[in-house]
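To keep things clear, I will list the structure first and then write my remarks on it.
The values are calculated or read from the model by the stated rules, or taken from the named source; none is laboratory data. Just so you know, these numbers come straight off a predicted model, no measurement behind them. A quick note on method: Cβ atoms are made from the backbone with ideal geometry, for glycine too, and the neighbour counts reach across all protein chains shown. Surface areas here come from the heavy atoms of the whole protein model, side chains and all, with no ligands, DNA or RNA. Shrake-Rupley method; radii C 1.70, N 1.55, O 1.52, S 1.80 Å.
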Amino acid sequence: MVLSLSVFATEALKPVAPPESYISVGGIADLRDDVYSADLGWTVEVAPCNCFSVYTDMSYRFVSYEWDATWTDQNHEALNLHVNGLNESFVGMKFFPIQYFGIDLSWRFLPGEGGQTERFERLGFEPMGVYPFSRNLLLGLSGQYYTFVERKNFQPGEEIGVKASFVWKFLWDRVERTGWKVDYAFLYRKRISESKNLNMAKAYQDMDDDYNGIRMKAAVSHVFGWFPFPFALGLSAEMTRGYLFGFETGHRMEMFIRADFP
């Protein structure tokens, strides 16, 4: 499997997969709402057996610039936001009691100086299923439920989602452990209850922030089998925020390396 790792006010979007052991590191270029950023992201997953693993996803933001332009008056401005430090950080575990079905439990910590939004701890529950359609094609599907920890009398609304993915190996040499991999993931997420500002009177607490949005990502990598372990170099492209019947407002590109361990 190919993992594209990046975090900016949202978790890394990756295909549904059973427990595995690997390390992945990526350099990320991000554009969201006219803000251009450069990050370094990494993830580590350790699976002592085929049925259980623990993992962590983290990223560090080095620089972030906001570009404003008023074309009619020819006014242009690039503003250094002076944002650097850790973004949101995640830890979690996967448990597959049977071969093709399992759960993913995750916890999001408060962000460091590199994260300017999503400043709430979050608990996630994700039942998932994987199906090896063929020797070289793995299909995945999962549901998601997220709840947040109240902070400073603000209570974010709960969220649900569904994710579908595939991982395809082609021109693959099983003896040499060399070839190409393509993965694709599509996520739809919806807030099912409005966030609340508990500092207000009860009649005015609702913050009217219901939404439903999509994300999608494709990645291509080449695996080199002449290392003691499979080693991959890859490139990914992601639409980080969009609407089911609207225009996307975020994009992310990443170059990454990944090492898998038996």
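Couple of notes before you dig in:
- Dipole-positive endmost among Tyr60, Phe125, Ala201 within segment 43-202 (Cβ charges, Cα centre): Phe125
- Computed over protein heavy atoms with a 1.4 angstrom probe, the accessible surface ordering of Ile28, Ile23, largest first, is Ile23, Ile28.
- For the chain, the relative contact order works out to 17 percent when only alpha carbon pairs closer than 8 Å and six or more residues apart are counted.
- Couplings 3J(HN,Hα) for segment 87-103, derived from phi with the Karplus relation 6.51 cos²θ - 1.76 cosθ + 1.60 (θ = phi - 60°), are 8, 4, 10, 10, 10, x, 9, 10, 9, 10, x, 10, 4, 10, 9, x, 9 Hz, where x marks Gly and Pro.
- In terms of accessible area, using a 1.4 Å probe and ignoring ligands and nucleic acids, Arg191, Arg135, Arg151 rank largest first as Arg135, Arg151, Arg191.
- Mean Cα-pair separation over length for segment 110-173, i.e. relative contact order, pairs under 8 Å, 6 or more apart, %: 29 percent
- Among the chymotrypsin sites (Phe, Trp or Tyr not before Pro) found in segment 81-162, those both in a DSSP coil and sparsely packed, with 13 or fewer other Cβ atoms within 10 Å of their Cβ, are Tyr100.
- Between segment 17-57 and segment 125-188, the alpha-carbon center distance in angstrom: 12 Å
- Rounded if a/c under 1.5, otherwise prolate or oblate - segment 56-214, Cα gyration tensor axes: oblate
- Legend: distances between Cα atoms for Lys14/Lys202; Lys94/Lys202; Lys152/Lys190; Lys163/Lys202; pairs beyond 31 Å are Lys14/Lys202; Lys94/Lys202; Lys163/Lys202.
- Lys14 accessible area, assembled protein chains, probe 1.4 Å, Å²: 30 Å²
- Between the amide H of Leu13 and those of Ser6, distances stay under 5 Å, these residues lying 5 or more places away or on another chain, with hydrogens modeled in the peptide plane.
- Separation of the Thr56 and Ile214 label points, Cα + 7 Å toward Cβ, nm: 3.5 nm
- Carbon/sulfur fraction of accessible area - the chain, other protein chains in place, 1.4 Å, %: 65 percent
- Where labels lie 7 Å past Cα in the beta-carbon direction, separation of Tyr145 and Arg177 in nm: 3.9 nm
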